[in-house]
1. Counting other beta carbons within 10 Å of each residue's own, what order do 50, 225 fall into, fewest first?
2. Taking the chain as a Gaussian network, where each spring joins two C-alpha atoms under 10 Å apart, which residue of 221, 165, 72 fluctuates the most?
3. List the relative contact order of the range 107-212 as a percent without decimals, with contacts defined as Cα pairs under 8 Å and 6+ residues apart.
4. Set the Förster radius R0 to 25 Å, insert the Cβ-Cβ distance between residue 25 and residue 232 as r into 1/(1 + (r/R0)^6), and round the FRET efficiency to 0.05.
5. Pairs of Cα atoms under 8 Å, at least six residues apart: use those to get the relative contact order of the chain, whole percent.
6. Most fluctuating residue of 75, 53, 86 in a GNM of the chain with Cα springs under 10 Å: which is it?
7. Using Cα-only point scatterers and the Debye equation, what is log10 of I(q)/I(0) for the range 107-212 at each q in 0.10, 0.19 Å⁻¹, rounded to two decimals?
8. Over the chain, what is the percentage of antiparallel beta bridges among all DSSP beta bridges, to the nearest 5?
């Protein structure tokens with residue numbers, strides 16, 4: 001079968017369902033936005049190994065979980081933190097026994113590529129100076145999006161949250177925060193370590209200590225309404241071959 005990947009914007013389930021109602025559609029993977037590049041690269045190998053085409057729906061984990069709650073035809077869900085997977089599991093939306101921790105990640109402070117300020121994570125005034133008079137600090141939504149949740153935990157632990165909170169540029173997903181820094185719209189931002197490798201227009205200024213936030217885990221599971229073939233795809237994503245690709249993109253082992 002010729003590998004075929006369709007990447008869709010995250011829309012509500014009511015809009016997606018009619019387009020995917022027939023049995024010829026691919027396996028729909030609802031995945032955290034930080035996974036988009038890696039899963040796109042893996043798509044041909046998924047097809048080669050499982051015989052299944054892939055429909056990739058990347059967005060913030062919170063948005064995807066809500067869509068699944070509303071009946072969006074997801075086959076596999078990969079969240080960037082356990083919270084949203086826990087919610088779906090508590091509602092009986094997952095195939096029992098299919099859930100597994102697929103990956104881990106880190107957090108990084110980034111700036112646009114080029115000359116960069118020397119920053120000290122223990123000095124809020126230096127971060128504010130690097131932002132300038134009107135600059136904003138790009139971060140995914142701290143109340144809902146996993147990267148933002150982890151980011152707030154880290155900033156609070158490091159004593160930086162109070163100073164930065166009034167200067168935040170909050171985005172719907174971590175890739176949007178990455179884009180703000182990559183385009184120069186924000187002079188600083190907080191993203192996953194894997195995101196730094198996804199865009200050459202940004203540079204890593206500092207690695208955020210893992211001890212400053214909860215472990216970053218990416219649980220994956222098969223949705224109860226999924227096509228049976230989804231089990232093969234989920235199994236492949238956890239295989240050593242797929243894990244090597246994830247690691248090459250900056251993710252960490254679970």
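Just so you know, all these numbers are worked out from the coordinates, no wet-lab data involved. Note that the structure is a prediction, hence the values are computed from the model and not measured. Quick reminder, even Gly has a Cβ in these numbers, built from the backbone with ideal geometry, and neighbours come from all protein chains shown.
1. Final ranking by Cβ density, sparse to dense: 225, 50.
2. Taking springs between Cα atoms under 10 Å, the residue moving most is 165.
3. On the way: 206 pairs, mean separation 47.1, N = 106.
Reported relative contact order: 44 percent.
4. Values: r = 16 Å, r/R0 = 0.62.
The value I calculate is 0.95.
5. Over the chain, the number comes to 27 percent.
6. 86
7. Values, matching the q order: -0.21, -0.85.
8. Working: 18 of 36 bridges.
Bridges in the chain that DSSP calls antiparallel: roughly 50 percent.
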